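What follows is calculated from the coordinates using simple rules that are stated; it is not laboratory data. As the structure is a prediction and not an experimental result, all values here were calculated from the model. Neighbour counts are summed over all protein chains in view; Cβ atoms, including those assigned to glycine, are modelled from backbone coordinates with ideal geometry.
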Amino acid sequence: MPVAASTQQAVGIVIGLAVVVGWALYLLANVRRAKAEVGSEVELAANRKSYLNDEQLEGPRLERFLGWGLVGLTVCAVGLPLYWLAEPGRQDGAVADFEERLGGEYAIHGQPIGGGALFATTSDGGFNCAGCHGGMDALGAEVEYTLTDPVTGDLRQVEWQAPALNDITLRMSDDQIRQVLVYGRPFSPMPAWGLEGGGPLNEQQIDNLILYLHRIAVTPEDAQEQRTEEAKAELDRLKAEAAKEPPEAGAEEPSMGMALFNLNCARCHTLGWSYDEPQVAGGGAFGPSLYNSVNQFPAVEDHVEFVADGVEEGEAYGLNGQATGRMPYFGQVLSPEQIQAIVDYERSLAERVNREAAGGDKPATPPPNVTTTTAPSAGA
């Protein structure tokens, strides 16, 4: 809970306790004085005793009452402006506390509420986001998924790599995340969760999930460090595979750009990557083929800016490009050098395909072994 809200709450509790204790003492004193009247009300009743005369009423007694009145007026005169000054902080604290409760793992009358409760596994009463995405910290995990061969109609099980979500708020805007949550990812294990997409969650619940994703998000510095370590491990893996089976003539040699592309872009732009059966790199899957990237971005700096910052839905990018608003941005999770390495790799893929086409050889295209889509999208 915010500090401002805690301080005001503490002051309120102290004042409330002081009032309660004061009333208790007053009642106790009054009861003790009243005991002498029991059985002799006629003689001791207040209305049968002589009252104070004018000199007594207008003397020290009056001054004492006026003094206490002045104290009360001073409290109001000082307290109300102070309360007014603190009111913006109190309101901000109330909003932050409300969002924390909705995005956290709180319960009211034993019933869980908020994004944390929704994100939890089915056994814990949630919708099993944690079951697919690697626990409540959303570190990523493998999940079983059934693929359908579009040609034969045969079914087979694969292990689908569900992405980590602890940096999703650094890569996508809330609107982009909401789009994925509401409508899901067609032809993947990610179902539609919003009512508009045919799911069970209303708008407030979707917002609560987004608040929870913000709550568990790592810092940009931690995200960059994590991505760097993963890229080094991926590059080592690529080099080890190349040592066992050298790549074909003209194929890309293992590089940091290739490793970064695999970890950050291949999920959307390489068919089969998510279930460890990658086909032609950059050939398109959820997202479009990247073989036109050199033509789309004649200027390298525009290509770099697009990968780093993305663009809003409907905005133009590159040459004759118009954004769907689904492309994530990587400027907060990757360094400028890493983004440049990805761009260099993507452009090398496009240039190789252009060379093959110019020589009369058509670039290899992946056989359709799974149901997929070519609609521009982005990997969560």
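Computed FRET efficiency, Cβ-Cβ of Trp68 and Gln91, R0 30 Å: what is it to the nearest 0.05?
For Trp68 and Gln91, the calculated efficiency is 0.35.
Between Gly284 and residues 5 or more places away or on another chain, which pairs have amide H atoms under 5 Å apart, with H built 1.01 Å from N, and which residues are they?
Residues meeting the criterion, in which the H sits 1.01 Å from N, are Thr270, Leu271, Leu290.
Testing the spin-label approximation: label points 7 Å from Cα along Cα→Cβ at Glu351 and Arg61. State their distance in nm.
Roughly 10.3 nm, to one decimal.
So who's got an amide H within less than 5 Å of the one on Thr324, skipping anything under 5 residues away but keeping other chains? H placed 1.01 Å off N, in plane.
Gly314
How large is ³J(HN,Hα) for each residue in region 115-124, as worked out from phi by the Karplus curve 6.51 cos²θ - 1.76 cosθ + 1.60 (θ = phi - 60°), to whole Hz, x for Gly and Pro?
x, x, 5, 5, 6, 5, 5, 4, 5, 9
Within the set of other residues whose C-beta is less than 10 Å from the C-beta of Val294, count the net charge using Lys and Arg as +1 and Asp and Glu as -1.
Net local charge, Val294 excluded: -1.
What FRET efficiency do you get for Leu28 and Asp124 if R0 is 30 Å and r is their Cβ-Cβ distance, rounded to the nearest 0.05?
Plugging the Cβ-Cβ distance into 1/(1 + (r/R0)^6) gives 0.05.
What residues qualify as long-range amide H neighbours of Phe330, i.e. H under 5 Å apart, gap of 5 or more or another chain, H built at 1.01 Å from N?
Ala308, Asp309, Gly310
Under 1.5 on a/c is rounded, so check that first for region 220-358, then, if it is not, pick prolate when a/b is larger than b/c and oblate when it is not; a ≥ b ≥ c are the square roots of the alpha carbon gyration tensor eigenvalues.
Cα axes put region 220-358 in the oblate bin.
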